[in-house]
Amino acid sequence: SLNNAFMDLFGNFNGTTDPQLLAKRRLTRESVIDSVLENFKHVNTRVSVADKQKLDHHLTMLRDLETRLALEAQGNSCAPDPNPPVYVPNRPNNEYAAYLYALAFACQLSHVGSYMTAQPGSDPAFPVRFSGGDYHNWIHQGPDYGLDPVRRREEWRSTMRWYATAFAAWVQRFKATPDTDGGSLLDNTLIVWPNVFGMGSYHDFHEIPVVLAGRAGGAIQPGRLLDYRRARAAPPTVFGPSYARRSFVNETTNNLMVSLCHAMGLRDVTTFGDPAFCTGGLPGLVG
């Protein structure tokens, strides 16, 4: 759980971890690396020059990892909140997750993470109370289920506002967390809020909205609305089941992923996923 993840990463920050358990944890971490180093020394004398260079590079990465795992504090950029959000079991806990991820990033214990909000209806603040099913089924229900389309549309908007508020908690937490260069963690990070479908009721994946927050170290200019529908001329490709068949001439999320790689400094990446649906990065997204 998120609570266990916090204790695994940061239990030694707030003095609540038993000293003996903390010492055991450090010993375990060091012994794993020492074991790798012993194997390295044994193998390093028996490999080719090219393989030795690869092993030397691996050793450098291990030393960096050891340094980061042993790190207990890095000034203000790696200081836990004295009043962190309260973790509540069996709840979405978006604010707590944002706090945990931001602290892990600031302490350089991780540079990438993903998070999915499951069972949003378990949150008392969620605006829709489902009858005869869960959130997933509710998304698929339409007029045939006797639902008022106007009311359903307003309930859908309310749910999206709930998700937007949860996303805002991540943005605010990263913005409030200082980074080592004197700026905020958000300045050097990119938070991506994607949607799985453009129209979830019948699994349509056209015109999928994506929200990006952060500057990715200056690679992304925030405050823009970029519309990539029919942005690049291409031979149409037919997708979808017969009741929702449409032709593709737009940019794809594959292209978005290429741009995100470029924003992270991987400028040599030219394709992502199935190359049939990837034509390169999104024009104008990354500076």
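The values are calculated or read from the model by the stated rules, or taken from the named source; none is laboratory data. These numbers were taken from a predicted model, which means no experiment stands behind them. Every residue, glycine as well, gets a Cβ built from its backbone with ideal geometry; the counts of neighbours run over all protein chains shown. In case anyone asks, the SASA skips ligands and DNA or RNA and just uses the protein heavy atoms, side chains included. Shrake-Rupley method; radii C 1.70, N 1.55, O 1.52, S 1.80 Å.
For V88 and H203, compute 0.36 nm times the residue count separating them, minus their Cα-Cα distance, and round to one decimal in nm.
Additional length available on full extension: 38.2 nm.
Of E154, E207, E251, which has the most accessible area and how do the rest follow, probe 1.4 Å?
Details: E154 80, E207 100, E251 25 Å².
The ordering from most to least exposed comes out as E207, E154, E251.
Sorted by mean Cβ packing within 10 Å, highest first, what order do the peptides 111-117, 79-85 take?
Averaged packing, sorted descending, gives the order 79-85, 111-117.
Stick to the Cα atoms of the range 168-230, pair each with every other, and give me the Kirkwood hydrodynamic radius in Å at one decimal.
13.2
Give me the accessible area of I191, 1.4 Å probe, in Å² rounded to the nearest 10.
We get 20 Å² for I191.
Can you send over the solvent-accessible area of S259, 1.4 Å probe, protein chains only, in Å² to the nearest 10?
That residue has around 0 Å² of solvent-accessible surface.
Can you pull the accessible area of V196 for me, 1.4 Å probe, Å² to the nearest 10?
So the heavy atoms of V196 present about 110 Å² to solvent.
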